[in-house]
Amino acid sequence: MSGRDLERGAAKGPRGGGYNQAAVYYAGGGRGDSESQWTSWLVPVIVVANVAVFIAAMYVNNCPRNNLRFEGGCVARFLGRLSFEPLKENPLFGPSSSTLEKMGGLKWDNVVNGNQGWRLITCMWLHAGVIHLLANMLSLVFIGIRLEQQFGFVRVGAIYLISGFGGSVLSSLFIQNNISVGASGAVFGLLGAMLSELLTNWTIYTNKAAALFTLLFIVAINLAVGILPHVDNFAHIGGFLTGFLLGFILLIRPQFGWVERRAKSKHMGYQYVLLLIALVLLIAGFVVGLIMLFRGENANDHCSWCHYLSCVPTSRWKCTN
């Protein structure tokens, strides 16, 4: 894989093992109600689908037959046509960049000039290597299963897919010379939805301040890792913002009040206000983003400093594009 190609790497938590599992239950800020839980099946299906797509990509890649450009032989040749590209091309133990592009990786020129808008969706099912796949799927399991148990597969599935799409749109607007793949934009969307769900359902949680602080800390750590080179942080940011807005819309819960000494479940006025604002911002963001994308505009022309959100140059590495 070319050094210029980007992975939507799963950002590391405080112990370097992906998104911190403590965030999944809001750092102990558990709900005050005894609501029954759904059975989680969608998240495991998504994990299986991602693994299957990765195996298919390695089959198409067929390193022993097709690798003629890079020094060194294929890695794990005992796997036959499923063996990995030489580490000089792809240190993550995966296929070549040309295979990722062939399989539906996100590339601006293909989307805008090749009328291949479907890449905005397909790229979130591809991964640059075993390490990339493992990190993202572990993150998805830690975050997604808990959310699906609480809110069901329809809402969590919608947040996952729409957030992944939102991450792809923002990525395409800012990164136009590289291939980008990975599910972490969608996973960041679930993380953003966790934060907005906590805010809009504030009154039903205990230990609110601790839960909010922990979530914000985890979000900051994960986004900070995205400033490393060859990590598509714009996909992370786009997915997170999309999921954050969707949380206000899809994860709203009734609050509890007392009417004539009887508990009554109802939604609060501020919840409807947040829902309306989030809906307007979400629609406006997608409309503006898609218009800019298919008009071929480069968002860096409108924001001269935004490229630092995805890569900060240091003495150890340089940032291109």
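The values are calculated or read from the model by the stated rules, or taken from the named source; none is laboratory data. Here the structure is a predicted model, which is why all the values come from computation and not from measurement. Note: ideal-geometry Cβ built from the backbone for every residue, glycine included; neighbour counts use all protein chains shown. We work out accessible area using only protein heavy atoms, side chains counted, and drop any ligands, DNA or RNA first. Shrake-Rupley method; radii C 1.70, N 1.55, O 1.52, S 1.80 Å.
Each row is one residue, and each column tells you yes or no for (1) at pLDDT 85 or above; (2) of a type outside the set (Val, Ile, Thr); (3) under 15 Å from the mean Cα position of the chain (by Cα); (4) surrounded by fewer than 20 Cβ atoms within 10 Å (Cβ to Cβ).
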site	(1), (2), (3), (4)
His236	yes, yes, yes, no
Gly239	yes, yes, yes, no
Leu245	yes, yes, yes, no
Phe248	yes, yes, no, no
Leu251	yes, yes, no, no
Gln255	no, yes, no, yes
Lys264	no, yes, no, yes
Gly269	yes, yes, no, yes
Leu274	yes, yes, no, yes
Out of Leu195, Leu199, Leu191, report the one residue that is modelled with pLDDT of 90 or more, out of contact with any helix residue (DSSP H, G or I) (no Cβ under 7 Å at 6 or more places or on another chain) and closer than 14 Å to Leu251 by Cα.
Leu199
Would you check which residues across region 80-92 are open to solvent by 70 Å² or more (accessible area, probe 1.4 Å) and not basic (Lys, Arg) and list them?
Leu87, Pro91
Residues (over 19 Å from Gly164 (Cα atoms) and touching a Leu at 6+ places or on another chain (Cβ under 6 Å)) located in region 213-233
Leu215
Restrict the check to region 201-220 and report whether at least one residue is in contact with a Phe, Trp or Tyr (Cβ under 8 Å, 6 or more places away or on another chain), assigned to a helix (DSSP H, G or I), open to solvent by less than 10 Å² (accessible area, probe 1.4 Å) and among the polar types (S, T, N, Q).
no
Show the residue pairs that are 6+ apart or on different chains and have beta-carbon atoms under 9 Å apart, the first residue being within region 234-245 and among the aromatic types (Phe, Trp, Tyr), the second being outside any helix (DSSP H, G or I) and modelled with pLDDT under 95.
Phe234/Ile175; Phe234/Ser180; Phe234/Gly226; Phe234/Ser310
Give the residue that is modelled with the highest pLDDT, with candidates limited to residues of region 134-185 that are of a type in the set (Phe, Trp, Tyr) and closer than 18 Å to Leu293 by Cβ.
Phe165
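Return the total of residues in region 104-129 being open to solvent by 60 Å² or more (accessible area, probe 1.4 Å) and over 15 Å from Ser171 (Cα atoms).
Result for region 104-129: 3.
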Can you find even one residue in region 209-229 that is in contact with a Lys or Arg (Cβ under 8 Å, 6 or more places away or on another chain) and of a type in the set (S, T, N, Q)?
yes
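Has region 129-148 got any residue that is assigned to a loop (DSSP other than H, G, I, E, B) and more than 25 Å from Leu274 (Cβ to Cβ)?
First pass over region 129-148, keeping only residues assigned to a loop (DSSP other than H, G, I, E, B): 129.
Then keep just the ones that are more than 25 Å from Leu274 (Cβ to Cβ); that gives 129.
Yes; the residues of region 129-148 include at least one that is assigned to a loop (DSSP other than H, G, I, E, B) and more than 25 Å from Leu274 (Cβ to Cβ).
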Is there a residue in region 221-229 that is part of a helix (DSSP H, G or I), under 30 Å from Asn178 (Cα atoms) and either open to solvent by 50 Å² or more (accessible area, probe 1.4 Å) or small (Gly, Ala, Ser) (or both)?
yes
For region 280-300, indicate whether the set of residues that are modelled with pLDDT under 90 and either closer than 30 Å to Asn110 by Cα or assigned to a helix (DSSP H, G or I) (or both) is non-empty.
yes
Within region 169-197, the count of residues that are under 23 Å from Leu138 (Cβ atoms) and either crowded, with 23+ Cβ neighbours inside 10 Å or free of Cβ contacts under 8 Å to residues at least 40 places away in the same chain (or both) comes to 17
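Here is a yes/no grid of residues against (1) more than 20 Å from the chain's Cα centre (by Cα); (2) closer than 21 Å to Gln150 by Cα:
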residue: Leu195; (1), (2): no, yes
residue: Leu199; (1), (2): yes, yes
residue: Leu212; (1), (2): yes, yes
residue: Leu215; (1), (2): no, yes
residue: Ile218; (1), (2): no, yes
residue: Asn222; (1), (2): no, no
residue: Leu228; (1), (2): no, no
State all residues of region 42-72 that are farther than 18 Å from Leu133 by Cβ and open to solvent by less than 50 Å² (accessible area, probe 1.4 Å); if no residue qualifies, say none.
Leu42, Asn62, Asn67
